[in-house]
Amino acid sequence: MASEEMGPARSSRWSAMGRAFANRNYRLFFLGQGVSLVGTWMTRLATGWLILRLAGADAPWLLGVASFAGLAPTFFLGPIAGVFVDRWDRRRVLVVTQVLAMFQSAALAWVAFSGPSGPLAIALVVALSVAQGAINAFDMPARQSMMVEMVARREDLPNAIALNSSLVNGARLVGPATAGVVIAAVGEAWCFAIDAVSYAAVVAALLAMRLTPRPRAAAVGSVGRRLVEGFRYAFGFPPIRALLLLLALISFAAMPQSVLMPVFAARVLGGGPSTLGLLSAAQGLGALAGALYLASRVSVLGLGRVIVAAAGVLGMGLIGFSQSGSVWLSAALLTATGAGMMVQMAASNTLIQTMVDEDKRGRVMGFYGMAFQGVAPFGSLLGGWLAGLVGPRPVVFGSGLLVLAGGAAFASQLPRLRRHARPVYARLGIIPVAADAAAPVAVRPPSPREMGEPVGP
């Protein structure tokens, strides 16, 4: 009897996975972004391998420096960029960032093809990483904030976010594997060149969209005042504050594993570019599976428990990977870490975007970018330095312990966070308000699994 009841619920869940594709603008974005992201992931892997080849014994430290250079601008510029994203046309911001990113990738290709070698080449790669980081500081809040403009129904927003995450990680699966083949055959430079060309697809998709003009309130007050207003809003509401803090901790703790991946591939596991591509692809496969799971969910209710479970999977996966000496076992463990990281990140994004007020969306997503990408370089810089002192294994082992501690702390706060989220969910119609208007209660579709989910994050 139970299996008969669960069958329709499972069928409904999977049939709803692609509901955001009913929106033409989202379909265009998905296709254009899909092409571009493959090139982006090729560049990420090729950059690490280029530095590893140029730097020799100093590679762990310089990999940390390069990652810091590429992500740190988001920490310093992301919240300020969010202020302008709330004021400017988001599509225009994205077109400009994509064109600038195209030139940045073309410059990397020049360095790898015919530019200088040795320390000067490394310095140019780091400088170009800083430029890409500054571009991303504006791109991320604009991209995340524009999601709501691409879907006609607000209830499709979580599905759009999850599908976008699946796209990112599908590209993460294809891009590094392709880059490994390209690097082995013709070198890193062609990865950068392919990435530069790929940006044309997303620019074309953005220009082809038919968007309803978004009413924007007149900008009142200075940039600093608007920034402080956004900070007070984001960190004054306990659910959003808790999600941002957990995301920042996990980004800080998990980044050393990604940055040190070339070291694990070449020196711990004794492989080459193809091994690095396999490990990156395995992590991308897990992240893709996690994103598809989120896309199959029919509600944001219960995502708090999902975030706690994802943190546990990520932490245990990092600990296991740090001790592995087998390529295939390492790949399996990275599949788990990819799933845990993606579910935690995308579920946090979904909850924040569901609860945030529209007039503050850009600023809050600026803080989201700061937590997700901006904090990560500090972890990569510290991880690269520590790896040079004690080796990569203890660094990643410690990262796993930090992730588990953060997940446990968040789990202890869930009951309180749900109480704060209930009024917001009731106002948005996610849950109905009880007759006394004081205690909203959850009413879910008549599936035993769905009826069992808690109300709130």
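Take every Cα pair under 8 Å whose residues are at least 6 apart in sequence, average their separation, divide by the length of region 231-358, and the relative contact order is 32 percent. Using θ = phi - 60° in the Karplus curve 6.51 cos²θ - 1.76 cosθ + 1.60, the 3J(HN,Hα) couplings for region 274-287 round to 5, 5, 4, x, 4, 5, 5, 5, 4, 5, x, 4, x, 5 Hz; x is entered for Gly and Pro. Rolling a 1.4 Å probe over the heavy atoms of the protein chains gives the chain an accessible area of 39 Å² per residue. Using the Cα gyration tensor of region 279-397, with a ≥ b ≥ c the square roots of its eigenvalues, what is the shape: rounded (a/c below 1.5), prolate (a/b larger than b/c) or oblate (neither)? It comes out oblate by the Cα gyration axes. Could you tell me whether region 218-299 comes out rounded, prolate or oblate from its Cα gyration tensor? Rule is a ≥ b ≥ c as square roots of the eigenvalues, rounded for a/c under 1.5, then prolate if a/b exceeds b/c, otherwise oblate. Taking the square roots of the gyration eigenvalues as a ≥ b ≥ c, region 218-299 is prolate. Computed over protein heavy atoms with a 1.4 Å probe, the carbon and sulfur contribution to the accessible area of the chain reaches 68%. For the chain, the average shadow cast by the Cα convex hull is 21.8 nm², which is a quarter of the hull's surface. If you take the Cα centroid of region 66-89 and the Cα centroid of region 246-278, the two points sit 25 Å apart.
Protection proxy ranking, highest mean first, for peptides 359-370, 329-340: 359-370, 329-340, where packing is the per-residue count of other beta-carbon atoms within 10 Å, averaged. Reducing region 341-378 and region 318-335 to their Cα centroids gives an inter-centroid distance of 29 Å. Charge tally for P273 (other residues, Cβ to Cβ under 15 Å; Lys, Arg +1; Asp, Glu -1): +2. Sorting 269-278, 76-85 by their mean Cβ neighbour count within 10 Å, with the most densely packed peptide first, gives 76-85, 269-278. Its relative contact order, with pairs defined as Cα atoms under 8 Å and 6+ residues apart, puts the chain at 27 percent.
The values are calculated or read from the model by the stated rules, or taken from the named source; none is laboratory data. Quick caveat: nothing in here was measured; it's all calculated off a predicted structure. Here Cβ is always computed from backbone atoms with ideal geometry, including for glycine, and neighbour counts include all displayed protein chains. These accessible areas exclude ligands, DNA and RNA; they are computed on the full protein's heavy atoms, side chains included. Shrake-Rupley method; radii C 1.70, N 1.55, O 1.52, S 1.80 Å.
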